[in-house]
Amino acid sequence: MEPRDEVTGDIVVDRLRRLIKEEGWKQWQAAENVGATQSVVSKWLRNENRPKRKNAELINALYTERFKYPDDPLAVREGQDVMAQSITMSSANGRVSVIPDQLGGTWVIPTHVGSRMGAGLRVYQMVGDSMEPSIQRGSSVFVDTKNASITTDDIYAIKVSDGVAFKRIKIMPKPNEIMMISDNRAAYGDPVVIQKSGIEILGRVVAIFTRRD
């Protein structure tokens, strides 16, 4: 059995179990999604072995995108937290190239997020507190701009007069109505119901990287 550490402990297998349950995966589908064979996944689920680090990173990336736990210390490994203004990125094999005139260098993010979103991925820095605790001030928020329509209840990037706002959106029974929610209700008040046609959606939030001091 492989040695356990903070990335490859029981919690990662528990996350995989939840993904399998919530997504309705068969074991072979889970194996394909996390870069393993079905027999290996079966051993993990029977607690006979633990995922290797590369598999654990894929599980954590899938889990973060599906359930969005930005404060979970395993959601983003040390060295993967980022802080920047609006950046357009392209990706290959999990490496994300940043436009040089905005910020030099290369960021490394979970392969699943980078390879799936590709050139449609943008990242913004959260400057306010309206979405705390879901999105903390200073967090880097990754937005899939290819998903710029409201198809499910989630957090979206919305174009406003002075930039970008992040709001939780809930689809209402009436066809063109949505509920717009600031998670920090104590400071920003109750949700409001508005016409869907009255806002411009820039994309859906797919990952939140929070800097840990």
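Assess whether Ser149 counts as being modelled with pLDDT of 85 or more, within 16 Å of the chain's Cα centre (by Cα) and of a type in the set (S, T, N, Q). Explain how you work it out, then say what you get.
Working: modelled with pLDDT of 85 or more: yes; within 16 Å of the chain's Cα centre (by Cα): no; of a type in the set (S, T, N, Q): yes.
When the stated conditions are applied, Ser149 does not pass them.
Restricting attention to the stretch 26-56, the residues that are in a loop (DSSP other than H, G, I, E, B) and either hydrophobic (A, V, I, L, M, F, W, C) or in contact with a strand residue (DSSP E or B) (Cβ under 6 Å, 6 or more places away or on another chain) (or both) add up to 1.
In the stretch 143-213, counting only strands (runs of 3 or more DSSP E) that sit wholly within it, the ones holding 1 or more residues that are within 19 Å of Val123 (Cα to Cα) and in the same structural domain as Leu121 (by TED's automatic domain parsing) span 154-160, 163-171, 200-209.
Say we look at the stretch 128-154 and pick out the residues that are under 21 Å from Gly189 (Cα atoms) and touching a Ser or Thr at 6+ places or on another chain (Cβ under 7 Å); which of these is surrounded by the most Cβ atoms within 10 Å (Cβ to Cβ)? Spell out the reasoning first.
Applying the first criterion (under 21 Å from Gly189 (Cα atoms)) to the stretch 128-154 yields 128-137, 153-154.
After this cut, where a residue has to be touching a Ser or Thr at 6+ places or on another chain (Cβ under 7 Å) as well, the list is 130-131, 136.
Values: Ser130: 19, Met131: 25, Gln136: 15.
The selected residue is Met131.
A Cβ distance below 9 Å, combined with a sequence gap of six or more or placement on separate chains, defines the contacts here; from the stretch 14-28, residues that are farther than 13 Å from Leu62 by Cα reach residues that are at pLDDT 90 or above and not in a helix (DSSP H, G or I) in the pairs Trp28/Thr37.
Restricting attention to the stretch 1-31, the residues that are of a type in the set (S, T, N, Q), at pLDDT 80 or above and under 12 Å from Asn49 (Cβ atoms) total 0.
Among the residues here, Gly203 qualifies as in contact with a helix residue (DSSP H, G or I) (Cβ under 8 Å, 6 or more places away or on another chain) and within 13 Å of Val141 (Cβ to Cβ).
The values are calculated or read from the model by the stated rules, or taken from the named source; none is laboratory data. What you see is a predicted model; the values in this text were computed from it and never measured. Please note: Cβ atoms are built from the backbone with ideal geometry, for glycine as well, and neighbour counts cover all protein chains shown.
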